Amino acid sequence: MTRRLAEVAKKVGVSEATVSRVLNGKPGVSEATRQAVLSALDVLGYERPTQLRGERARLVGLVLPELQNPIFPAFAEVIGGALAQLGLTPVLCTQTKGGVSEADYVELLLQQQVSGVVFAGGLYAQADAPHDHYRLLADRNIPVVLVNAAIEHLGFPGVSCDDAVAVEQAWRHLASLGHERIGLVLGPADHMPSARKLAAARTMGDLPDAHVARAMFSIEGGHAAATRLIDRGVTGIICASDPLALGAIRAARRKGMDVPSRVSVVGYDDSAFMNCTEPPLTTVRQPIEAMGRAAVELLNAQINGSAVARDELLFEPELVVRGSTAQAPRD
């Protein structure tokens with residue numbers, strides 16, 4: 001017991017006597033300090049006293065599909081920082097291949113009596129994926145916010161970068177450079193952000209099915225998909241993520257084609273270090289800071305009992321022109 005008091009006191013920055021008062025339900029402790037002590041108990045893995053177990057922890061699950069794509073650590077940094085400012089403790093849950101699944105993480109978070117969950121990328125964006133764990137959260141009335149496009153009928157509020165505007169910006173940029181054979185490297189067919197990008201591209205100009213390639217979200221996936229597009233004569237490639245775009249650049253080089261003089265490539269996200277690649281990547285920037293803070297505001301409002309619209313907030317992307325795009329080749 002003494003060790004537990006000392007560890008919790010050190011974590012929160014208060015005296016052991018204050019921790020003891022909280023654990024024993026004694027007066028004389030501010031609500032903010034009380035919540036901080038309870039959160040520290042949860043984080044350190046100690047059970048709450050019986051009389052305090054009915055309350056939800058000041059923990060918030062932050063569920064990410066991976067950390068290899070730099071966009072997800074960027075979202076985690078913004079969302080985690082905004083949660084901490086509100087006295088909420090983020091619990092990072094990252095899926096690994098063959099490891100803990102998204103549904104497993106949801107079960108673990110429910111066991112910890114979390115106050116809410118933010119999903120930044122996940123199975124909610126895939127129409128053919130299992131979604132029972134989302135319904136479980138809804139049934140338990142756990143506040144949830146989704147980041148970027150989700151399938152319909154889940155009923156959670158969300159914040160998204162406008163996929164249609166992103167493709168329009170990229171397409172117009174390539175068209176202004178004289179590219180007429182423009183192709184897309186997208187995620188799987190059931191992936192909602194990719195579906196939105198494809199729908200927008202079809203309104204922009206001639207887009208044969210042969211100029212649309214699907215891939216898993218990785219450099220290797222981008223390499224394979226872009227190789228197919230280059231073989232079909234595409235000179236401008238719009239990719240659904242920055243790693244896909246890096247794979248497209250590698251595909252062009254493996255075929256002895258210079259980027260951007262022979263093939264132009266546009267990414268999506270403007271994740272870390274894309275200005276340090278060779279060539280620096282032209283990409284469409286997601287407003288990560290604004291989106292992350294909006295997600296936390298929506299979640300906090302729900303935690304505090306306020307009703308929020310189950311709508312999707314759309315944020316405007318920004319085209320960032322760098323060195324991976326140039327005038328279309330003349331021959």
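From the list (1) 19.1, 57; (2) 23.2, 81; (3) 26.3, 90, can you say which value of Rg and Dmax of the Cα atoms in Å was derived from the structure given? Calculated Rg and Dmax of the Cα atoms in Å: the matching label is (2). Summary value for segment 133-191: 20 percent relative contact order, contacts being C-alpha pairs under 8 angstrom separated by 6+ residues. The longest stretch of the chain left intact once loop-based chymotrypsin sites (Phe, Trp or Tyr not before Pro) with at most 16 other Cβ atoms within 10 Å are removed from consideration, loops following DSSP, is 47-272. Helix 163-176 and the longest principal axis of the C-alpha atoms of the chain enclose an angle of approximately 30°. Rounded to whole numbers, the Karplus 3J(HN,Hα) couplings from phi for segment 259-269 are 10, x, 5, 9, 9, 9, 10, 10, x, 8, 2 Hz, using 6.51 cos²θ - 1.76 cosθ + 1.60 with θ = phi - 60°, and x at Gly and Pro.
Mean separation of Cα pairs under 8 Å and 6 or more residues apart, divided by the residue count, gives segment 214-331 a relative contact order of 26 percent.
Coupling constants for segment 70-78 follow from the phi torsions by the Karplus curve (6.51 cos²θ - 1.76 cosθ + 1.60, θ = phi - 60°), and in residue order they are x, 5, 6, x, 5, 4, 4, 5, 5 Hz; glycine and proline get x. Once the other residues with Cβ under 15 Å from the Cβ of residue 182 are scored (Lys, Arg +1; Asp, Glu -1), what is the net sum? Once all neighbours under 15 Å are counted, the net charge is +3.
Protein heavy-atom surface of the chain, 1.4 angstrom probe: 51% of the accessible area is carbon and sulfur, with nucleic acids and ligands not counted. On a per residue basis, the chain carries 45 Å² of accessible surface, using protein heavy atoms and a 1.4 Å probe. Determine the shape class of segment 64-145: with a ≥ b ≥ c the square roots of the Cα gyration tensor eigenvalues, call it rounded for a/c under 1.5, and otherwise prolate if a/b is greater than b/c, oblate otherwise. Oblate, because a/c is 1.5 or more while a/b does not exceed b/c. Once C-alpha pairs closer than 8 Å and six or more residues apart are averaged by separation and normalised to the residue number of the chain, the relative contact order reads 16 percent. Taking the DSSP beta bridges with both ends in the chain, the antiparallel portion is around 10 percent. With K and R counted +1 and D and E -1, the other residues having a Cβ less than 11 Å from that of residue 87 yield a net charge of +1. Taking amide H as placed 1.01 Å from N in the peptide plane, residue 282 has its amide H under 5 Å from the amide H of 267, 322, 323, 324, 325, each at least 5 places away in sequence or on another chain.
Taking a straight Cα-Cα cut-off under 19 Å and skipping sequence neighbours fewer than 8 places away in the same chain, the aspartates and glutamates within cross-link reach of residue 26 are 16, 47, 55. Here the Karplus curve 6.51 cos²θ - 1.76 cosθ + 1.60, taken at θ = phi - 60°, turns the phi angles of segment 16-28 into couplings of 5, 5, 5, 4, 4, 5, 5, 5, 9, x, 7, x, x Hz, with x standing for Gly and Pro. Annotation: amide H-H contacts under 5 Å for residue 184 (H modelled 1.01 Å from N, sequence separation of 5 or more, or interchain): 212, 213, 238.
The values are calculated or read from the model by the stated rules, or taken from the named source; none is laboratory data. Here the structure is a predicted model, which means the values were calculated and not measured. As a convention, Cβ positions derive from the backbone with ideal geometry for all residues, glycine included, and neighbour counts pool all protein chains shown. What goes into the accessible areas is simple: the full protein's heavy atoms, side chains included, and nothing from ligands, DNA or RNA. Shrake-Rupley method; radii C 1.70, N 1.55, O 1.52, S 1.80 Å.
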